[in-house]
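The values are calculated or read from the model by the stated rules, or taken from the named source; none is laboratory data. Owing to the predicted nature of the structure, the values given are computational and were not obtained by experimental measurement. Glycine gets a Cβ as well: all are built from the backbone with ideal geometry, and neighbour counts include every protein chain shown.
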Amino acid sequence: MPSTPRRAAVIGGNRIPFARANGRYARASNLDMLTTTLDGLVARYGLAGERLGEVVAGAVLKHSRDFNLTREAVLGSRLAPSTPAYDVQQACGTGLEAAILVANKIALGQIESGVAGGVDTASDAPIAVNEDLRKVLVAINGARTVQQRVKLLAKLRPGQIVPDIPRNSEPRTGLSMGEHAAITAKEWGVSREAQDELAAVSHRNLAAAYERGFLDDLVTPYLGLTRDDNLRPDSSVEKLATLRPVFGTQFGDDATMTAGNSTPLTDGAALALLGSDEWAAAHKLPVLAHLVDAETAAVDYVHGRDGLLTAPVYAVPRLLERSGLTLQDFDFYEIHEAFASTVLATLKAWEDVEFAKDRLGLDAPLGSIDRSRLNVTGSSLAAGHPFAATGGRIVATLAKLVHEKGTGEGGRKARGLISICAAGGQGVVAILEAA
Amino acid sequence: MIALYAKAAVGAVLPGRARSLPGTVLERSVTPEVGHLADYGRVCGFPLADALPLTFPHVLAFPLQVELMAARSFPLPLPGLVHVANRITAHRAIGLGERLDVRVRAERFAAHPRGAQVDLVAEVSVDGTRVWDGRSTYLARGAQAPTGLAGELPDLPEVDGPAAAVWRVPADTGRRYAAVSGDVNPIHLNPVTAKAFGFPRAIAHGMWTAARALAALQGRVPEAATYEVGFRKPLLLPSTAELVTEQAKEGWDLAVRNRKGAVHLTGTVRRA
Amino acid sequence: MSTDRFRDLSNTALAGRLGVPRVPLLRRYEPGQPLLPGPALVTSVGAGRFAKPIAALVEESGQQVLDAVGDQKLAAVVVDLTAATTLDDLAAARAILTPAVRKLAPSGRLLLLGPEPAEASAGAGVEAAATAQALDGLVRTIAKELRAGATANLLVVAAQAPPAAVDSAVRFFLSARSAYVDGQVVRIGVPVGSPQDPAAMDSPTLPEKPLSGRVAVVTGAARGIGAAIADTLARDGATLVVVDIPAAGENLAKVANRTGGTALQLDITAVDAPERLIAHLTQRHGRLDLLVHNAGITRDKLLANMDPDRWKAVLDVNLRAQLRITEALLGEGTLLQDGSRIVCVSSQSGIGGNRGQANYVASKAGIIGMVRALAPVVAEKGVTINAVAPGFIETEMTAKMPLGTREAGRRVNSLRQGGLPVDVAETIGWLGQADSGGVNGQVVRVCGQSMLGA
């Protein structure tokens, strides 16, 4: 085992095109999509029959039968069946957290290679029975006689048979993510125009990335879909301005969040391939970037003053301090676009003097970023956001971006910052540096 | 389909059955739907991918098989025909969205130690190129075949050893497979109808067992492959079964057996 | 694989009684198959220097070699006519061949070796040149007369070529790998590059795996002939990089995973395509032993209705991309090494033209021009470049033709059937071997001696 930690290399990635829910992948399960994505990764890097250190992935919306989802995907893939795997779940932070876990094991010399990412389907979501019915069914399962079972069944009332469809809402606040985001948007005075502009740029950037072949070695088609079907290359501020607000409607005319500047429910999967430099060299695989450091933060969005999706605001200054960097020391910023307003509120918080002093405990704010470096090949507003898949998408994308750029200002290695907000008031952030 | 079974059941007791195989060739063209494929995959254990499972085209050919066997021109009565062996060769992976031309005919009407056997042969082509072949061998107990012809059944290796998997096969397996395959033979559907044909309980479709076993080898089977199975003791529903697999040169040998060791199915998968 | 019903029907007893010409079932290569299924007659007229080493080669493969026609059926007949210079020599050849063709087994192989007519005239005069050229017509005629899947081909060998120069060609033409190559004349010169495969320095090349250790790129590999090429090269031991457009990625991933290679999703017409291919190869393998330019598209229209878009699309994919990628690789200088091979997929219609395919035919003929022009240039680096020109091959593309056209395409050749993608692939595998350096700047037709464009 190496005496000092080494840095984990990001070698590349693979994802399937993301599809809007109940569309092209309506009949595909998490396991189907994750296995296919894994096989596409195996094909891209020539790993058929190879035993990797581990595969780590997860899904936010998960059937109980998929308790060992990632291991099942490995067993169904062309990887050696001797490759271990486990599931993680940290809401929208899943994919990035998985990459951090794999990178840390690589850094410690415990493994030489690993795959990290996630998958989600909003189409094939698990539907649970409501609590009353569940109790009756559990009791029936335990009943010894037919008479007992019939008796138990007879106790059911029609209202108890209504299923529990998973909702995109926080258990402790009862508010949906969009409603939470709308509150934060209002708090920070994020305008409708700014949100629509961000959304339009995201579509434009992703379309341009496809056009220049940037995604050729990041995406493998699935079920006949070759590009993300949420992508609207012709999206414009004017078109987006015509949409009706869907979140924060309690604010009347101040409601700013529409279906156009919020991510849709999406199906998809994404994975990143990581390894030690030695492993990559031995397999003649490219090292695009190194994962330098990472941080996860959480906020008290229930009883405290912070918004549900604002944890990255806290995670980034801690990460910067540890790394001795400023917010301006990056060539690329990959800030997950759960909602356009989330990205904009995060940027405003970092620029705010009062907030820096009162809430972040800093003498000065982090400052503003060069917006031309933000989500330069598009992000979730354009591609869509299958919750657990987003981290894998961003890690592979950013690794490729810093690799393409090579060096940044003053000849230092190109560097990028990832920031992903997650349900439960959490945020996962990381730094990648060109190899 | 149920109507065909009914018609065949009536036909079985009427006189005037043909003595030789009809020259009929039945054809259909079909583009499998994602939904059908997903349902089939869920029942048999295949993932939903861009390529059809090797056994899937069988369910596309099956309705034509039944139509052919239910006809008065067919020399054996459909009710009571037992599927004893099946051989499938996929020449290449078949992609989702490809339009498949399916042709079914009967051949090799021959004697079997316990009656007569016949093969239902299915060919699947894409734009004139053969991509898949299927041969289903059925036995009619006590029936007479034209003299002089002796049928042959595949000589499959016996696979012994520890179970690779234990399946708890639920009672509704026959009904679920019937829904995705169109094979609504009453012996698979529920205990009462199965009893009418002399089985103690409903039995699993042989092709379900075959598909389920192949699905267990996901990721380890070449796309162009020959999958040959022999059906032995019926798998009663519900029950617990064991899958045994053994790597062979250019493929796998496998068996499905009950917990006491009685064999339901033996099979081989080989690169084609 | 193909649904050639006529061929199947023609092999029934009834068809035989009715006098329907039988369409032969061709013997095709399978791993582990011996070079020949029966004995071979190997002989020469005059002091040919190839008969002996070829006889040794056949014996080494475990097959019996005869020096005269007897009662036995012959799996192959090889006549070394490289020393034939007179009409009397030609008559001697006739005396050997007439009884020999009668004894040729189904899917038998007749292989002649002759001198280069121009060289013959310089050395031994006009009669020698006439004799040499006579062999050309002779072999094409024998190919038309042979039945039951037997083929006849001629190797025209340069005077300077050492005996070992013909080995890989002899192996190919005698084996079942050349099932659909018939009536062809292939020139063999002094080998280009080292015959020792640099990729196989560590482990000697096995006859089973003639491409062991070699890194091969196949463009257009997601389906059809390209996928067959990938499968065949992988079977023969090559390490594959399979390339196709991103939209074909799902199929491409399957080809990569089943051949144990890597999938490179790349639009070969993109401006940076050569650069990206080079980057991939440099990173992953540091070498390129076999480049197969296979990617091709059709956008058929009569010339009278041809629009610039159709023209451009076809020429860009089929020709311009090959030109640019080859040029970039030659300029790069390190990936293509002594012993590397380039094989381009042309087409029989590139030789003979085809109605409604002006753009396609122009591109495929252009490939032949490119191959001929580059051959002497790449030879300086020890590299060869050749083209294969498939005739009627049973693919998803040809299956879409109208029945009449399809049937006509299948039957107007000496083997009276269409070829299979694997036939094209086998030919590419042969040209891709390090010890095939004697063949350079050639167009090898894989057409069953089609009458189209002949």
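Being basic (K, R) and within 14 Å of chain A (Cβ to nearest Cβ) is a description that does not apply to B:R19.
Counting just the residues of the range A:238-268 that are over 26 Å from B:L96 (Cβ atoms) and surrounded by 23 or more Cβ atoms within 10 Å (Cβ to Cβ), which one comes out farthest from the other protein chains (Cβ to nearest Cβ)? If we take residues in the range A:238-268 being over 26 Å from B:L96 (Cβ atoms) and surrounded by 23 or more Cβ atoms within 10 Å (Cβ to Cβ), then A:T256 is farthest from the other protein chains (Cβ to nearest Cβ).
Residue count for the range C:269-299, restricted to those that are within 14 Å of chain A (Cβ to nearest Cβ), of a type in the set (A, V, I, L, M) and in contact with a strand residue (DSSP E or B) (Cβ under 8 Å, 6 or more places away or on another chain): 3. Would you confirm, using the coordinates I've provided, whether A:T310 is of a type in the set (S, T, N, Q) and without any contact (Cβ under 8 Å) to a residue 12 or more places away in the chain? Judged against the criteria, A:T310 is not a match. Which one of the conditions (1) modelled with pLDDT under 95; (2) closer than 28 Å to B:A194 by Cβ; (3) away from every other protein chain (no Cβ under 12 Å) does B:G45 fail to meet, given that it meets all the rest? For B:G45, the failing item is (3). B:S73 meets the conditions (1) at pLDDT 95 or above; (2) surrounded by fewer than 19 Cβ atoms within 10 Å (Cβ to Cβ) in every case but one. The failed one is (1).
Checked against the criterion of being away from chain B (no Cβ under 12 Å), at pLDDT 95 or above and under 30 Å from B:R212 (Cα atoms), the range A:87-110 has at least one qualifying residue.
With respect to being closer than 30 Å to A:L61 by Cβ and in contact (Cβ under 8 Å) with a residue 12 or more places away in the chain, A:F387 fits the description.
Scanning the range A:379-401 for residues that are small (G, A, S) and within 8 Å of the chain's Cα centre (by Cα) yields A:A388, A:A389, A:G391, A:G392. Of all residues in the range A:4-61, those satisfying the criterion of being of a type outside the set (D, E, K, R), more than 22 Å from A:E433 (Cα to Cα), over 22 Å from the mean Cα position of the chain (by Cα) and more than 10 Å from every other protein chain (Cβ to nearest Cβ) are A:L52, A:G53. One residue alone among A:A73, A:A80, A:A116, A:A107 is surrounded by fewer than 24 Cβ atoms within 10 Å (Cβ to Cβ) and closer than 30 Å to C:T259 by Cβ, and that residue is A:A80. Within the range C:356-385, the set of residues being on the phi > 0 side of the Ramachandran plot and buried (at least 18 other Cβ atoms within 10 Å of the Cβ) comprises just one member, C:G382.
In the range B:51-162, counting only strands (runs of 3 or more DSSP E) that sit wholly within it, the ones holding 1 or more residues that are farther than 23 Å from B:A211 by Cα span B:100-112, B:115-126, B:129-141. Of all the residues in the range A:29-57, those that are in a loop (DSSP other than H, G, I, E, B) and either within 26 Å of C:T259 (Cβ to Cβ) or of a type in the set (K, R) (or both) number 8.
Condition check for C:R324 on (1) within 14 Å of chain A (Cβ to nearest Cβ); (2) modelled with pLDDT of 95 or more: one failure, at (1). Counting only helices (runs of 4 or more DSSP H) that fall entirely inside the range A:305-367 and contain at least 3 residues that are within 16 Å of A:V429 (Cα to Cα), the qualifying elements are A:311-323, A:340-351.
Taking residues in the range A:218-237 that are surrounded by 21 or more Cβ atoms within 10 Å (Cβ to Cβ), and partners anywhere that are part of a strand (DSSP E or B) and among the polar types (S, T, N, Q), the pairs with Cβ atoms closer than 6 Å and at least 6 places apart or on different chains are A:T220/A:N14.
For A:V136, state whether it is without any contact (Cβ under 8 Å) to a residue 40 or more places away in the chain, within 13 Å of chain B (Cβ to nearest Cβ) and not aromatic (F, W, Y). Here the answer is no, as A:V136 does not meet what is asked. The residues of the range C:383-412 that are modelled with pLDDT of 85 or more and among the polar types (S, T, N, Q), listed by number, are C:T384, C:N386. Checking the range C:415-438 against the condition returns a match, with at least one residue being part of a loop (DSSP other than H, G, I, E, B), more than 18 Å from C:T232 (Cα to Cα) and at pLDDT 90 or above. Can you spot a residue in the range A:276-288 that is among the acidic types (D, E) and not in a loop (DSSP other than H, G, I, E, B)? Yes, the conditions are met somewhere in the range A:276-288.
Does any residue in the range C:37-49 that is assigned by TED's automatic domain parsing to the domain that holds C:R102 come within less than 7 Å, Cβ to Cβ, of a residue that is in a loop (DSSP other than H, G, I, E, B) and buried (at least 23 other Cβ atoms within 10 Å of the Cβ) six or more places away or on a different chain, and which pairs are these? Final answer for the pair search is C:V45/C:L81; C:V45/C:A84; C:G46/C:A84; C:G48/C:L81; C:G48/C:T82; C:R49/C:T82.
Meeting the requirement of 2 or more residues that are of a type outside the set (D, E) and under 23 Å from the mean Cα position of the chain (by Cα), the helices (runs of 4 or more DSSP H) wholly within the range C:236-354 are C:249-259, C:321-332, C:349-352.
Number of residues in the range B:180-205 that are basic (K, R) and crowded, with 17+ Cβ neighbours inside 10 Å equals 1.
The single condition among (1) assigned to a strand (DSSP E or B); (2) more than 21 Å from B:A51 (Cβ to Cβ); (3) more than 14 Å from chain A (Cβ to nearest Cβ) that B:E228 does not meet is (2).
Scan the range B:115-130 for residues that are charged (D, E, K, R) and more than 10 Å from every other protein chain (Cβ to nearest Cβ) and the total you get is 1.
Restricting attention to the range C:189-225 and to residues that are under 30 Å from C:R140 (Cβ atoms) and buried (at least 24 other Cβ atoms within 10 Å of the Cβ), the residue that is modelled with the lowest pLDDT turns out to be C:V192.
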